[in-house]
Amino acid sequence: MLLLFPITVPVLSHAQSEEPQTATFLKTWGQQGDQPGELHFPIDIVINSQDDIFVTDHLNDRVQKFDAEGKLLSHFPVLPNPGGIALDKQGNLVLSHILASGSSKHKIGDRISIYSPGGKLIRHWGQLGSEPGQFNCPGGVAVAANGNIYIADQTNHRVQVFDPTGQFLFEWGKYGSQPGEFGGKASPNSRVGGPQFLAFDSEGNLWTTEGANCRVQQFTAEGKLLKYWGTDADARGGLGGYFSGFDGKPVKSLTGPIAVCIDQKDRLWISAVSGRVQQFSSAGKYLRGCGDQQGTAAGEFYAPHGMAFDSHGDMYVVDAYNHRIQKFAVGH
């Protein structure tokens, strides 16, 4: 399904006295399936300097490449269950592989791979475990300016750091709810505690999302905690709320923020289980957002995941449980 007509979607303002802002819904593409251009639980997205769009097609065990209009350019198989995706300094694709669904064809995950943009496997590493270089449901991926690769090791409640060849460098984080810890409001064995996704800002600091604790945290590239914020409110400016996409019944094991993406002004865009995609200042002030209601209509989401911006500043959102990508013009 490809919608070509623009729809203006209200962007929810922080205060009633402020002039309302709008985001323009541009288009959507994708539907559930396994044919080229179809998607089955897409998770993450990355856009290169040529505005080529790469999407991890989780349950189809592949990556698909689109142009900015949603036209399929290519697709290629990858190791089973791709999740997070980032670009390294050579323009290659760094993928995490997460066994997170009973629908997975292959019960294999817990590793990192690097592919060329054309789909050639360059290297991979990792296995299930809690030792350095091992993983338990790795999620988001981010690459630092120096080329080091940062992985959200979700169920191990830590961030692991590797050099560009996959050699382990260091890690930080542990299970808990204190600042600098992760996931203390969920079971220690639950991946929904976090950290979930990662993103670097222009200063080279790393932001993490943390589902069960409904907060984001900012660290230096070395793992020193700088700040944290977030509330569990199911309202504009809050990061809480439950997923309601299964027969309209809240799933109380699924809550909180999912992905984080940093725009050119170092503002954070955060997707949440509640169906919201919201923009915040680095200090945590709510600025605006879209998707105030979960659903299948244009501008609505079911558990939006990864987000990315193209060279024109348009925002692309992986609408995971609707098996599609949505594109918005969000202004400056």
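For the range 153-173, which residues satisfy the criterion of being within 22 Å of Q90 (Cβ to Cβ) and open to solvent by less than 20 Å² (accessible area, probe 1.4 Å)?
Q160, V161, F162, G166
Name the single residue that is most open to solvent (accessible area, probe 1.4 Å) among those in the range 256-282 being more than 25 Å from H58 (Cα to Cα) and part of a loop (DSSP other than H, G, I, E, B).
Q264
Could you grab me the full set of residues in the range 238-265 that are at pLDDT 95 or above and more than 22 Å from I43 (Cβ to Cβ)?
G238
Tell me, which residue of the range 97-117 that is polar (S, T, N, Q) and surrounded by 15 or more Cβ atoms within 10 Å (Cβ to Cβ) is modelled with the highest pLDDT? Before the answer, list the steps.
Within the range 97-117, the first condition is being polar (S, T, N, Q), and the residues that meet it are 101, 103-104, 113, 116.
Those left that are additionally surrounded by 15 or more Cβ atoms within 10 Å (Cβ to Cβ): 104, 113.
On the way: S104: 82, S113: 98.
Only one residue fits best here, namely S113.
Please enumerate the residues belonging to the range 230-251 that are without any contact (Cβ under 8 Å) to a residue 40 or more places away in the chain and either β-branched (V, I, T) or open to solvent by 90 Å² or more (accessible area, probe 1.4 Å) (or both). Before the answer, list the steps.
Pass one, the range 230-251, residues without any contact (Cβ under 8 Å) to a residue 40 or more places away in the chain: 231-233, 235, 238-242, 246-251.
The answer is T231, D232, Y242, F246, D247, K249, V251.
I'd like to know if the range 174-184 contains one or more residues that are open to solvent by 10 Å² or more (accessible area, probe 1.4 Å) and closer than 22 Å to M307 by Cβ.
Within the range 174-184, none of the residues are open to solvent by 10 Å² or more (accessible area, probe 1.4 Å) and closer than 22 Å to M307 by Cβ.
Output the residues belonging to the range 300-332 that are over 16 Å from the mean Cα position of the chain (by Cα) and more than 19 Å from G238 (Cβ to Cβ). Full working, then the answer.
Going residue by residue through the range 300-332, those that are over 16 Å from the mean Cα position of the chain (by Cα) are 300, 311-314, 328-332.
Those that are over 16 Å from the mean Cα position of the chain (by Cα) and more than 19 Å from G238 (Cβ to Cβ): S311, H312, G313, D314, F328, A329, V330, G331, H332.
Among the residues of the range 257-278, what is the count of those that are farther than 26 Å from E203 by Cα and in contact (Cβ under 8 Å) with a residue 40 or more places away in the chain?
The qualifying residues number 3.
Only one of (1) touching a Phe, Trp or Tyr at 6+ places or on another chain (Cβ under 8 Å); (2) modelled with pLDDT of 95 or more; (3) not in a strand (DSSP E or B) fails for D51. Which number is that?
Of (1) touching a Phe, Trp or Tyr at 6+ places or on another chain (Cβ under 8 Å); (2) modelled with pLDDT of 95 or more; (3) not in a strand (DSSP E or B), only one is false for D51: (1).
Residues are listed down the side, and each one gets a yes or a no for (1) of a type outside the set (S, T, N, Q); (2) in a loop (DSSP other than H, G, I, E, B); (3) touching a Leu at 6+ places or on another chain (Cβ under 8 Å); (4) within 27 Å of A86 (Cβ to Cβ):
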residue: Q196; (1), (2), (3), (4): no, yes, no, yes
residue: S202; (1), (2), (3), (4): no, yes, no, yes
residue: T208; (1), (2), (3), (4): no, no, yes, yes
residue: Q218; (1), (2), (3), (4): no, no, yes, yes
residue: D234; (1), (2), (3), (4): yes, yes, no, no
residue: G237; (1), (2), (3), (4): yes, yes, no, no
residue: G248; (1), (2), (3), (4): yes, yes, no, no
residue: L254; (1), (2), (3), (4): yes, no, no, yes
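Among the strands (runs of 3 or more DSSP E) contained in the range 283-332, which hold 2 or more residues that are closer than 16 Å to R267 by Cα and open to solvent by less than 40 Å² (accessible area, probe 1.4 Å)?
286-290, 304-309, 314-319
The values are calculated or read from the model by the stated rules, or taken from the named source; none is laboratory data. In this text, all values refer to a predicted model and were calculated from it rather than measured experimentally. No Cβ is skipped: glycine too gets one built from the backbone with ideal geometry, and neighbour counts run over all protein chains shown. Note: accessible area is taken over every heavy atom of the protein model, side chains too, but ligands, DNA and RNA are not part of it. Shrake-Rupley method; radii C 1.70, N 1.55, O 1.52, S 1.80 Å.
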